Amino acid sequence: MHQLSGKEFQIGLTMSGAISAGAYTAGVVDFLVEALECWEKARAADQNGSVPNHRVGIKVISGASAGAITAAIGAIALVDKTDAKTFESNGFVYRYTLPKLYESWVVRPTLDSGDANVRDFLALDDLETRPPETADFSRTSSVPFPGENDPIAVVSLLNSRLLDEIAANAIAVAKVEGPRPYVSAKLHIYLTLSNLRGVPWTLPFSGGDYHMISHGDRAHYVLSGVGSWATHSDFADNDPSRDNLDIGMIASAAARDQWKDYAVCALGSSAFPVGLAPRLIGARPREDYFGRRYPSADIAGIDNLKPQWPPAVEAENPFWFTCADGGIIDNDPFEYARFTLKDKATDARLPWDLDSADRAVIMISPFPEPKPIRNEGDPAIDIVSLFSSLMPSLIDQARFKPSELALAVDPDHGSRYLIGPRRVIGNELQRYGIASGLLGGFGGFVARAFRDHDYQLGRRNCQKFLMTSFAVPADHPIVTNWPPQVDKKLFEAMREKTDAPGAVSYCLAPLYGSAKDTIDLPPWPQITQADLDRLMTRIGLRFDRVAPMVIGQNVGGFLGLLLQLVLLPGIRSAPGLIRDKVLNFARLTILGDLVRRNQITGWDLPEGLGVDPDDARLVIAELLVPKYDERNVEGIRRAVAPMSAALNTANITQVLERLKQTRGPFQVWEAPWRDKNGGRLFTLESRKPNLFGGRLGASLGLGFFKPTVDPPGI
């Protein structure tokens with residue numbers, strides 16, 4: 001075995017919120033571990049000093065939302081003694097190194113499992129019974145459990161008991177593998193939380209006190225036994241943690257509550273508002289908040305910051321709060337990883353010169369696709385429009401960290417890197433990188449094939465990252481300390497075709513064993529119309545149980561009675577009522593995204609459209625937008641402009657005219673009437689209005705029957 005040189009390169013992993021696209025993040029982590037493990041085995045077997053003798057070690061993992069799930073489960077998956085797996089499906093070979101991580105992100109989280117005995121997100125049991133306290137992951141162990149006669153409230157549109165099940169399985173480790181030498185003996189885990197109760201602060205000024213409430217919270221855990229690499233962190237080692245957890249005790253009954261709390265905090269960070277259930281987190285007002293370190297250069301050296309708890313709250317044991325998605329406040333917890341890597345928390349920055357940098361934060365962000373801005377006049381100034389746009393705006397803002405991302409893309413900056421989905425066919429970068437990107441990130445739950453694709457793409461992109469970007473110059477101390485027997489030519493970083501000519505650099509994490517095998521690009525996944533129909537049936541059944549309960553629990557009086565009436569069996573299925581409108585909206589929204597991203601079979605485009613196929617699908621998808629019954633050309637152009645500069649009035653009209661002459665689901669129908677400005681109106685043949693919803697409504701202007709079209713003036 002060849003001895004280490006004593007040169008180390010420390011890394012911290014930061015994982016963004018991503019909802020179902022967390023499958024991509026998990027795939028990146030899966031391959032990174034495979035690469036480091038294969039390198040370690042090659043070093044152990046090295047007899048002549050031909051293997052690079054430095055170490056790349058994981059010191060901290062921080063995550064928000066889906067990233068928090070990956071961080072928490074990934075740390076456990078490192079010690080779960082289960083062999084890597086390989087399987088073939090439709091001619092493609094899928095592989096994963098960390099089975100527990102793969103099962104948690106690919107196998108289990110789905111809207112429709114296809115098996116009545118396997119729980120999924122649309123199961124109904126969360127509306128019927130409360131689980132026993134031992135199986136309940138809705139709260140940490142110190143938070144009071146509901147009484148036997150307490151009502152069961154609807155806490156989310158989806159059945160989050162599935163996540164409880166995944167969490168319980170994640171912390172059930174039958175046999176712990178020995179500590180990994182490339183993981184810190186004290187592995188710091190930071191999970192962001194949105195504390196909806198809030199933490200009060202009072203800052204005294206000579207002119208008076210300044211009062212604030214902070215909602216950005218975090219759970220800090222220190223895991224021992226995952227790794228054996230001795231490290232120190234001035235910031236994290238002195239930052240209060242919820243618990244120091246010994247991975248060797250994960251199966252111990254004595255530590256069951258601590259590990260359950262660890263899982264609940266990860267679930268709390270991933271509790272996307274309304275869609276997934278919030279969690280109740282118990283904390284200790286003094287121990288968890290007094291002396292807390294904050295990852296800010298302005299206050300890093302101050303250790304006497306503390307909240308001003310009201311006496312009654314400070315006496316609470318525990319102080320517990322409702323926790324929603326950690327990504328609302330901090331969707332990219334980069335700073336926790338960066339400060340943990342610093343020699344001193346008060347240092348201005350990490351060493352960043354490529355010639356000498358010895359530590360870096362690797363950000364894994366599954367949402368690289370451009371997100372179009374809203375069209376002019378959207379949202380409108382009415383209350384409902386403003387309220388509905390507020391949450392997406394807050395989440396977008398939480399993801400906006402230009403100071404960090406700008407340095408990550410700087411080729412001369414060696415302290416931060418970014419791994420994001422890149423799907424390249426030949427030399428052409430595809431418009432859509434991940435299959436889970438539809439429906440705002442929830443789309444991966446539609447089909448396992450989508451998650452399988454993203455997991456493998458994460459592995460592929462990580463392999464490419466280690467071969468091209470994660471590298472240092474020839475005069476870096478790590479390289480100059482390699483034994484003379486190392487054939488440096490074997491470890492030269494590959495250059496991208498778009499790279500400018502430059503000096504040779506060398507890979508920081510050389511690939512050995514199975515990590516050297518090229519990971520092929522997985523096929524772009526699709527579902528069938530039958531799959532979508534079955535999913536819509538399940539969504540309808542979930543709606544039939546959730547809607548009456550929500551109304552009964554929140555709407556009283558005559559209005560509540562009226563709403564309950566229209567949801568009675570035999571009435572609720574009538575066209576035009578609440579159920580019909582909600583399910584039609586859901587169906588068109590899902591179908592529109594599937595068509596836009598070419599993820600449903602049977603929607604193969606005809607020839608002769610005159611535009612790029614991805615652009616043609618943008619036009620067709622606009623005809624499925626449930627907000628409008630009919631569209632005019634200018635309205636379509638404005639809607640697709642943020643996604644394609646190539647589409648204009650002329651070629652959109654050309655596409656619509658061509659699709660009028662075809663047969664199939666994309667066949668276009670043109671209305672025999674015009675909009676207020678004389679513009680032509682189009683929709684799909686499948687959405688062609690009936691007599692009342694079409695000609696009569698348009699000609700008479702009857703509000704209920706009048707078709708909705710693009711706003712006047714468009």
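As a test, work out the antiparallel percent of DSSP beta bridges whose residues both lie in the chain, rounded to the nearest 5. Kindly include the intermediate steps, with their values, before the conclusion.
On the way: 41 of 72 bridges.
The antiparallel fraction comes to roughly 55 percent.
With each pseudo-label sitting 7 Å past Cα toward Cβ, what's the ILE578-ALA168 distance in nm, one decimal?
Inter-label distance under the simple model: 3.2 nm.
Give the cross-link partners of LYS581 among the lysines, using a straight C-alpha distance below 17 Å as the criterion and excluding same-chain residues fewer than 8 apart.
Within the straight-line limit of under 17 Å, LYS581 reaches these lysines: LYS627, LYS688, LYS706.
If I fit a long axis through the Cα atoms of helix 557-566 and take the longest principal axis of the Cα atoms of the chain, what angle between them do I get, 0 to 90°, rounded to 10?
Compared with the principal axis, the helix lies near 80 degrees.
What are the residues whose amide H is under 5 Å from the amide H of SER505, where those residues sit 5 or more places off or on another chain and H is modelled from the backbone?
ALA493
Mind checking the angle between helix 256-269 and the chain's longest principal axis? C-alpha axes, 0 to 90 degrees, to the nearest 10.
For helix 256-269, the angle is close to 50 degrees.
Return P(r) of the range 488-644 (all Cα-Cα pairs; 10 Å bins starting at 0; whole %; ordered from short to long distances).
8, 22, 20, 19, 16, 9, 5, 1
Would you mind computing the Rg to Rh ratio of the range 258-379 from its alpha-carbon coordinates, Kirkwood style for Rh?
Details: Rg = 18.9 Å, Rh = 18.0 Å.
Rg/Rh: 1.05.
Once you have all Cα-Cα distances for the range 642-685, histogram them in 5 Å bins from zero and send the whole-percent values.
Histogramming the range 642-685 at 5 Å steps yields 5, 21, 23, 23, 19, 8, 0 percent.
Treat each spin label as a single point 7 Å out from the Cα along the C-beta direction, and report the GLU287 to ALA185 distance in nm.
2.5 nm
Looking at this model, which pairs from LYS7/LYS464; LYS7/LYS81; LYS7/LYS489; LYS260/LYS342; LYS81/LYS260 are more than 32 angstrom apart at the alpha-carbon?
Values: LYS7/LYS464 24 Å; LYS7/LYS81 29 Å; LYS7/LYS489 20 Å; LYS260/LYS342 30 Å; LYS81/LYS260 20 Å.
Over 32 Å apart, Cα to Cα: no pair at all.
If R₀ is 30 angstrom, what is the calculated FRET efficiency for the pair THR82 and LEU521, using the beta carbon separation as r and rounding to 0.05?
On the way: r = 27 Å, r/R0 = 0.89.
With R0 = 30 Å, the Cβ-Cβ based efficiency is 0.65.
Between ALA474 and GLU607, what is 0.36 nm times their sequence separation minus the Cα-Cα distance? Round to one decimal in nm. It would help to have the intermediate numbers written out before the result.
On the way: separation 133, 0.36 × 133 = 47.88 nm, distance 5.20 nm.
Roughly 42.7 nm would be gained on extension.
Averaging over every viewing direction, what projected area does the convex hull of the Cα atoms of the chain cover, in nm²? All intermediate terms of the calculation are to be shown ahead of the outcome.
Values: hull surface 142.8 nm².
About 35.7 nm², averaged over all directions.
Based on alpha-carbon atoms only, what is the radius of gyration of the range 180-304 relative to the globular estimate 2.2 N^0.38 Å? If you can, show how the numbers build up before the last one.
Details: Rg = 16.8 Å, N = 125, 2.2 N^0.38 = 13.8 Å.
Output field value: 1.22.
Tell me, in nm to one decimal, what length is gained between VAL118 and ASP209 on full extension, where the rule is 0.36 nm per residue of separation less the Cα-Cα distance?
The VAL118-ASP209 span can extend by a further 27.2 nm.
Which FRET efficiency value, to the nearest 0.05, is calculated for ALA348 and GLN430 with the Förster distance at 30 angstrom and r the Cβ-Cβ distance? Please report the intermediate quantities before stating the final value.
Numbers: r = 40 Å, r/R0 = 1.32.
According to the calculation, E is roughly 0.15.
For the range 1-93, divide the Cα radius of gyration by the Kirkwood radius and give the resulting Rg/Rh value with two decimals. All intermediate terms of the calculation are to be shown ahead of the outcome.
On the way: Rg = 15.9 Å, Rh = 15.2 Å.
We get a ratio of 1.05 for the range 1-93.
Taking a probe of 1.4 Å, how large is the accessible area per residue of the chain, in Å²?
Numbers: 31720 Å² over 714 residues.
Counting only protein heavy atoms, the per-residue value for the chain is 44 Å².
Sort 652-663, 195-206 for me by packing, meaning the mean count of neighbouring Cβ atoms within 10 Å per residue, highest on top.
652-663, 195-206
The values are calculated or read from the model by the stated rules, or taken from the named source; none is laboratory data. This is a predicted model, so every value here is computed, not measured. Heads up, the Cβs are rebuilt from the backbone with ideal geometry, glycines too, and the neighbour counts pull from every protein chain shown. Ligands, DNA and RNA are excluded from the accessible area calculation, which covers all protein heavy atoms including side chains. Shrake-Rupley method; radii C 1.70, N 1.55, O 1.52, S 1.80 Å.
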